[in-house]
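Each remark here refers to the structure printed beneath this line.
The values are calculated or read from the model by the stated rules, or taken from the named source; none is laboratory data. Model, not experiment: these values are computed from the prediction. No Cβ is skipped: glycine too gets one built from the backbone with ideal geometry, and neighbour counts run over all protein chains shown. All accessible areas refer to the heavy atoms of the entire protein, side chains included, with ligands and DNA or RNA removed. Shrake-Rupley method; radii C 1.70, N 1.55, O 1.52, S 1.80 Å.
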Amino acid sequence: MVPSGPRVEALWLDEAYTRARAIEAPRMAGPGVRLVWSRGSELGWRDLTATPGEFVVVGRHSQCDVVLPFDPAVALRHLLVRAVTLDDGTVATRLLDLKTGLGFYLDDDVERRALVASGPVALRVGRYALVVLPSGDPLPEARPPAEVVDAPVMPIAAPPKTTTRVTTLPPVPMLDDIARDLARPGCARVTLRRGEAWARVDVSDEELNTGVLVGRADRCERRLRRVMTDSVSRTHVLLLREHGIVVAFDVASTQGVYAAGERVRRARLPDRGATLRLAAKEPVILEWHPRDPS
């Protein structure tokens, strides 16, 4: 049995890669990645095309797209996984830890919180192995070595296809973590409203590039807690900027995200500003302003 902490033997992930590679399933219709998860006799997979609206949330909650139910170390909403296209046209995988207490691991002792991988990659969440297999070129028989690089932003190109490049990125902050009282020039502004209560936060492009989580975290400071209700999930929506576009992703919230009265999984936040409703009962209104109007 693999422990829930670090020190995963590479052999275990090698076996998970071999098992994932052996899956007999139809080829993907377009560029993308196949996400495979396994634990003991449990095995499942999900194909993700490299399109803006495609993503999955991985976790223990029944609302997640990929449910890993048999390990209490896995958070209710643990990871957001997407297939993305780099500037050179390479399809890569982006994984974001949703501010959990565990993170995820490659085949070393280092806890990871966010990464972009070009090429096949295997990792562990609790006692589950996750393997990502890109479409297109034939897969190597053995799990390729991973070149791990720390970087503040996403890569723009992939290395030669003989190796897997894993770019680790800064962790996703909660909106509470960056709450500030003073306006910062050039920053987007997020306002949360519920009745007469409101809270206002300025968010930089760098923070949006990393991703910003909005939700009812236990450690919410008083200024945000007075706005939140129990209808808002602890991690409810992710604001993420890619290729200059900011998008709100519903990260498997219980009561959903609404735009123009319709429940949505993903909503682009336009330059003119936007309003989202978080939850159906006792909702919180999120107002998006691309730049501080003052």
Problem set entry | Mean ellipticity per residue at 222 nm, deg cm²/dmol - from DSSP H runs of n ≥ 4 across the chain, formula -39500 (n - 2.57) | -2000 deg cm²/dmol
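Under 8 Å for C-alpha pairs, at least 6 residues apart: give me the relative contact order for region 81-174, rounded to a whole percent.
31 percent
Over the chain, calculate the relative contact order: mean separation of alpha carbon pairs under 8 Å at least 6 apart, over the residue count, as a percent. Write out the running numbers ahead of the final one.
Details: 714 pairs, mean separation 41.1, N = 294.
So the answer I get is 14 percent.
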Problem set entry | Whole-number percent relative contact order across region 1-104, with pairs defined as alpha carbons under 8 Å at least 6 apart | 19 percent
Exercise. Just how far, in whole angstrom, is region 40-90 from region 123-139 if you go by their alpha carbon centroids?
Worked result: 11 Å
Seminar exercise, completed: Per the charge dipole of the chain (beta-carbon charges, Lys/Arg positive, Asp/Glu negative, Cα centre), the residue among Val58, Leu169, Ala157 reaching farthest to the positive end is Val58
Problem set entry | Net charge over other residues, Cβ less than 15 angstrom from the Cβ of Thr254 (K, R count +1; D, E count -1) | +4
Exercise. Which residue, Gly186, Gly215, Gly195, tops the fluctuation ranking in a GNM of the chain built on C-alpha contacts under 10 Å?
Worked result: Gly195
For this session: Rounded to the nearest 0.05, what FRET efficiency do Trp12 and Val149 give with R0 = 25 Å and r taken as the Cβ-Cβ distance? Could you check?
Result: 0.60
Exercise. Which length gain, in nm to one decimal place, applies between Arg268 and Leu43 when the Cα-Cα distance is subtracted from 0.36 nm times their residue separation?
Worked result: 77.6 nm
Exercise. Semi-axes, largest first, in whole Å: what does sqrt of 5 times each Cα gyration tensor eigenvalue give for region 18-91?
Worked result: 23, 17, 9
Exercise. What share of Cα pairs, in percent, lie more than 27 angstrom apart in the chain?
Worked result: 40 percent
For this session: Subtract the Cα-Cα distance of His243 and Thr191 from 0.36 nm times their separation in residues, and report this length gain in nm to one decimal.
Result: 16.4 nm
Exercise. Quick one: length gained pulling Asp71 to Ala260 fully straight, 0.36 nm per residue minus the C-alpha distance?
Worked result: 64.3 nm
Exercise. In degrees between 0 and 90, to the nearest 10, how far off the longest principal axis of the chain does helix 10-21 point, with axes built from Cα atoms?
Worked result: 90 degrees
Problem set entry | Rounded percent of accessible protein surface that carbon and sulfur make up, the chain, 1.4 Å probe | 51 percent
Exercise. Tell me, what is the FRET efficiency for Ala142 and Asp109 to the nearest 0.05, using R0 = 30 angstrom and their Cβ-Cβ distance as r?
Worked result: 0.85
